[in-house]
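Undergrad: Take this structure, written in structure tokens, and hold onto it; I'll ask about it next.
The values are calculated or read from the model by the stated rules, or taken from the named source; none is laboratory data. Keep in mind that what you see is a predicted model, and the values were worked out from it rather than measured. Positions of Cβ are generated from backbone atoms using ideal geometry, with glycine treated the same way; all protein chains shown enter the neighbour counts.
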Amino acid sequence: MLSTRRKAAALAAGLAAVLALAGCSSSGSSDAGASPSSGSSASDDAFPVTIEHALGTTEIPAKPERVVTWGWGSSDAAIALGVVPVAMSYQAYGGDKDGVLPWVKDALDKAGEKTPVVLPNQQEVPVQDIAAQKPDLILANYSGITQDEYDLLSKIAPTVAYPDKPWSTPWRDVVTGVGTALGMDDQAATLIDDTEATISEAADAHPELAGKTVASVWDTGDTFYVYTADDPRQQFLEDLGLKTAPSVGELATGESSFYYTLSYEQLDQLKSDMLVSFADDQKTEDAVLAKDALQVMPQVKSGAVAQIVGTDLVAAVSPPTVLSLPWGLDDYLDALSAAAAKVG
């Protein structure tokens, strides 16, 4: 869910120290990272680049050599384009003990690259740690950075935020935005085409999904969350041939761009052919589906519930990235197909 941010005053108070740190030589921790431009075919001729986004306009004057990523998916897109960041976010959910996601580790291993510096495990932007890496580009295409955080990061290096709403950037837009920032528009377009071909092939292989309506939910034990049509994980289901159930929009409360909460007394109103239910483990999922409150849902009664269980699989599709999408696709399709077989 949306993270709690530091107040603007606290951010501004640290500005002088951050800028001083950015001007000093690196602490040396970046030596653990791979060469940021390894495998990259970005052209100097592509620059300067100007990118408009939700928090402002960013000009990138020259080909970046030290890229830092923050949030979700930007590091995946950069690595897929052959540009390994010098530092990236710690991923607590789905990541290993070092905060590295399995598909990111696989991609780095395949490319023969070392793991970049992993930034501290915290919700607020670690501005001093980012500044210590002396970046010349900061990518936060899928994130929840505030205007104050963006303004502060922009004093360290050109910073690209989300194009529209926080935590809602579709994977295609992440790839496009990262590609533009790196001067690799053509390579990004090819990467999107290749990934879409993978999705299309998967959808063709599962005609049982076509046209069925779906809602995606997460029951945390005391709160029932529903993901909206604006959420990338719901959009991914549509890519696979499913349709967002009309009830998803009809019940939306507007409390967030990508989710809303639903009282247990309203669950019978969330009508769809299928339900996608996310859970950390099978024990938790079994307990959720056994709740009396959920027995009013036709999807639960019929068993038309795609159980997406396990932090790595949940993370792979919540939301998908250009690297996680193929990594978790087979298991995801198996769960969806099993649920579709119970419809009707």
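Undergrad: Name every residue in region 192-207 that is in a helix (DSSP H, G or I), aliphatic (A, V, I, L, M) and surrounded by fewer than 13 Cβ atoms within 10 Å (Cβ to Cβ), in order of residue number.
TA: Scanning region 192-207 gives a single hit, ALA197.
Undergrad: Moving on to the next point. Can you spot a residue in region 159-181 that is out of contact with any His (no Cβ under 7 Å at 6 or more places or on another chain), in a loop (DSSP other than H, G, I, E, B) and either modelled with pLDDT of 95 or more or not assigned by TED's automatic domain parsing to the domain that holds VAL83 (or both)?
TA: no
Undergrad: In addition: Would you mind stating whether VAL125 is of a type outside the set (S, T, N, Q) and either under 18 Å from the mean Cα position of the chain (by Cα) or within 23 Å of ASP280 (Cβ to Cβ) (or both)?
TA: Criteria met by VAL125.
Undergrad: Out of LYS155, LYS134, which single residue is assigned by TED's automatic domain parsing to the domain that holds TRP70 and over 12 Å from VAL68 (Cα atoms)?
TA: LYS155
Undergrad: Another question, then. May I ask you to list the residues in region 135-162 that are surrounded by fewer than 21 Cβ atoms within 10 Å (Cβ to Cβ) and charged (D, E, K, R)?
TA: Selection gives ASP136, ASP148, ASP151, LYS155.
Undergrad: Here is a further query. Would you check if ALA189 is surrounded by fewer than 19 Cβ atoms within 10 Å (Cβ to Cβ) and assigned to a helix (DSSP H, G or I)?
TA: Judged against the criteria, ALA189 is a match.
Undergrad: Pick from region 200-222 the residues that are in contact (Cβ under 8 Å) with a residue 60 or more places away in the chain and among the acidic types (Asp, Glu): which of them is farthest from LEU267 (Cα to Cα)?
TA: Result: GLU208.
Undergrad: Kindly indicate whether THR311 is under 28 Å from TRP171 (Cα atoms), out of contact with any Leu (no Cβ under 9 Å at 6 or more places or on another chain) and hydroxyl-bearing (Ser, Thr, Tyr).
TA: Yes: the conditions hold for THR311.
Undergrad: Among the residues of region 311-337, which ones are within 21 Å of VAL226 (Cβ to Cβ) and either assigned to a strand (DSSP E or B) or not hydroxyl-bearing (Ser, Thr, Tyr) (or both)? Full working, then the answer.
TA: So the first thing to find is which residues in region 311-337 are within 21 Å of VAL226 (Cβ to Cβ), and the list is 311, 313-320, 332, 335-336.
LEU313, VAL314, ALA315, ALA316, VAL317, PRO319, PRO320, ALA335, LEU336, listed by residue number.
Undergrad: Tell me, which strands (runs of 3 or more DSSP E) wholly within region 208-309 include 2 or more residues that are in contact with an Asp or Glu (Cβ under 8 Å, 6 or more places away or on another chain), crowded, with 21+ Cβ neighbours inside 10 Å and not assigned by TED's automatic domain parsing to the domain that holds TYR162?
TA: Ranges flagged: 213-219, 274-279.
Undergrad: Something else: Could you please give the count of residues in region 83-123 that are within 18 Å of GLY328 (Cβ to Cβ) and not aliphatic (A, V, I, L, M)?
TA: Residues that pass the stated criteria total 11.
Undergrad: Next up: Go through region 1-109 and tell me which helices (runs of 4 or more DSSP H), entirely inside it, have 1 or more residues that are modelled with pLDDT of 95 or more.
TA: Working: elements: 8-13, 15-23, 74-80.
In region 1-109, 74-80 are the helices (runs of 4 or more DSSP H) which contain 1 or more residues that are modelled with pLDDT of 95 or more.
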